[in-house]
Amino acid sequence: MKVVAFNGSARKDGNTAILVRQVFAELEAEGIETELVQLAGQTIRGCTACGQCFKNKNRRCAVTSDIANDCIEKMVQADGIILASPTYFADVTTEMKALIDRAGFVARGNDDMLQRKVGAAVVAVRRAGSIHVFDTINHFFLIGQMIIPGSIYWNMGFGLAKGEVEQDEEGLRTMRTLGQNMAWLLKRIA
Ligand SMILES: Cc1cc2nc3c(=O)[nH]c(=O)nc-3n(C[C@H](O)[C@H](O)[C@H](O)COP(=O)(O)O)c2cc1C
């Protein structure tokens, strides 16, 4: 059983990655394999709206010049998918939005190929806008017929500078509980 997480931050190993690793610790304690893909420094562009994914039906994006297909393949192979993003102007980062649009359209053009996988959002934020990020990510899961576990609060952690989120005790606890609930759910629907 495997969960793959995508960190949409422009900053590698920042607050978003720290939060994802809290979720991972609980998943790994339950024997679930994990992989973190950090989009920082990699190229991923937005959807070109060519519609080829609906025609080709090969579970791939027709644009092959960036990492989108590698990410989509990892989603297909995984049982659970975490989309993690810091809050940028009250929404996901540009890179995360590109991944959502590309993977989302390929999934829709291929009979909702991610259906019934478990999905979870993870959000880092300094002060405000994180609920919108959380909603943006959950809209991707829900329209793809995916299943979403909850936690003790909406899945966000507070911090500005790299590492600051470690001081948000409730945020860390939210991620650990999310990991426990994700593991519980994955094992029951396997
Ligand atoms: C371009 C940009 C826009 C941001 N917009 C917001 C915002 O709207 N609300 C907020 O609370 N924090 C905002 N932040 C702060 C980040 O969300 C915060 O520092 C977060 O912890 C970064 O996560 P990371 O370390 O994983 O990159 C912004 C940061 C950047 C670089």
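Quick check, is Asp91 open to solvent by 30 Å² or more (accessible area, probe 1.4 Å) and in contact with a Ser or Thr (Cβ under 8 Å, 6 or more places away or on another chain)? Let's see the steps before the verdict.
On the way: open to solvent by 30 Å² or more (accessible area, probe 1.4 Å): yes; in contact with a Ser or Thr (Cβ under 8 Å, 6 or more places away or on another chain): yes.
In short, yes.
Just need a number here: residues in the stretch 73-88 that are in a helix (DSSP H, G or I) and either open to solvent by 20 Å² or more (accessible area, probe 1.4 Å) or farther than 20 Å from Ile147 by Cβ (or both).
Taking the stretch 73-88 as the starting set, the residues that turn out to be in a helix (DSSP H, G or I) are 73-77.
From what is left, the residues that are either open to solvent by 20 Å² or more (accessible area, probe 1.4 Å) or farther than 20 Å from Ile147 by Cβ (or both) are 73-74, 76-77.
Adding up the residues that qualify gives 4.
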Examine the stretch 58-73 for a residue that is under 29 Å from Met1 (Cβ atoms), in contact with a strand residue (DSSP E or B) (Cβ under 8 Å, 6 or more places away or on another chain) and within 16 Å of the ligand (Cβ to nearest atom), and state whether such a residue exists. no
Single residue of the stretch 1-26 satisfying the filter (more than 15 Å from the chain's Cα centre (by Cα) and either crowded, with 18+ Cβ neighbours inside 10 Å or farther than 19 Å from Arg126 by Cα (or both)) that is nearest to the ligand (Cβ to nearest atom): Gly14
Residues of the stretch 115-148 being more than 13 Å from the ligand (Cβ to nearest atom), open to solvent by 70 Å² or more (accessible area, probe 1.4 Å) and assigned to a loop (DSSP other than H, G, I, E, B), in sequence order, are Gln115, Arg116, Gln145
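For Arg102, indicate whether it is away from the ligand (no atom under 16 Å from the Cβ), within 18 Å of Val4 (Cα to Cα), surrounded by fewer than 22 Cβ atoms within 10 Å (Cβ to Cβ) and modelled with pLDDT of 95 or more. Outline the logic, then answer.
Details: away from the ligand (no atom under 16 Å from the Cβ): yes; within 18 Å of Val4 (Cα to Cα): yes; surrounded by fewer than 22 Cβ atoms within 10 Å (Cβ to Cβ): no; modelled with pLDDT of 95 or more: yes.
Considered against the rule, which asks whether it is away from the ligand (no atom under 16 Å from the Cβ), within 18 Å of Val4 (Cα to Cα), surrounded by fewer than 22 Cβ atoms within 10 Å (Cβ to Cβ) and modelled with pLDDT of 95 or more, Arg102 comes out as no.
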Top-ranked residue of the stretch 145-190 - restricted to ones that are in contact with a helix residue (DSSP H, G or I) (Cβ under 8 Å, 6 or more places away or on another chain) and of a type in the set (Gly, Ala, Ser), ranked as nearest to Gly31 (Cα to Cα): Ala183
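So which of Thr93, Thr43 ends up being closer than 20 Å to Ala17 by Cα, touching a residue at least 60 places away in the same chain (Cβ under 8 Å) and among the hydroxyl-bearing types (Ser, Thr, Tyr)? Full working, then the answer.
Details: Thr43 fails: touching a residue at least 60 places away in the same chain (Cβ under 8 Å).
Testing whether each residue is closer than 20 Å to Ala17 by Cα, touching a residue at least 60 places away in the same chain (Cβ under 8 Å) and among the hydroxyl-bearing types (Ser, Thr, Tyr) leaves just Thr93.
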Give the residue, chosen from Ala29, Ala40, that is open to solvent by 60 Å² or more (accessible area, probe 1.4 Å) and over 22 Å from Gly109 (Cα atoms). Ala29
Quick check: is even one residue across the stretch 60-72 part of a loop (DSSP other than H, G, I, E, B), open to solvent by less than 30 Å² (accessible area, probe 1.4 Å) and charged (D, E, K, R)? yes
Within the stretch 149-175, restricting to residues that are surrounded by 16 or more Cβ atoms within 10 Å (Cβ to Cβ) and away from the ligand (no atom under 16 Å from the Cβ), the one that is nearest to the chain's Cα centre (by Cα) is Pro149
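The values are calculated or read from the model by the stated rules, or taken from the named source; none is laboratory data. From a predicted model like this one, the values you see are computed outputs, not experimental measurements. We place every Cβ from the backbone using ideal geometry, glycine too, and count neighbours over all the protein chains shown. Surface areas here come from the heavy atoms of the whole protein model, side chains and all, with no ligands, DNA or RNA. Shrake-Rupley method; radii C 1.70, N 1.55, O 1.52, S 1.80 Å.
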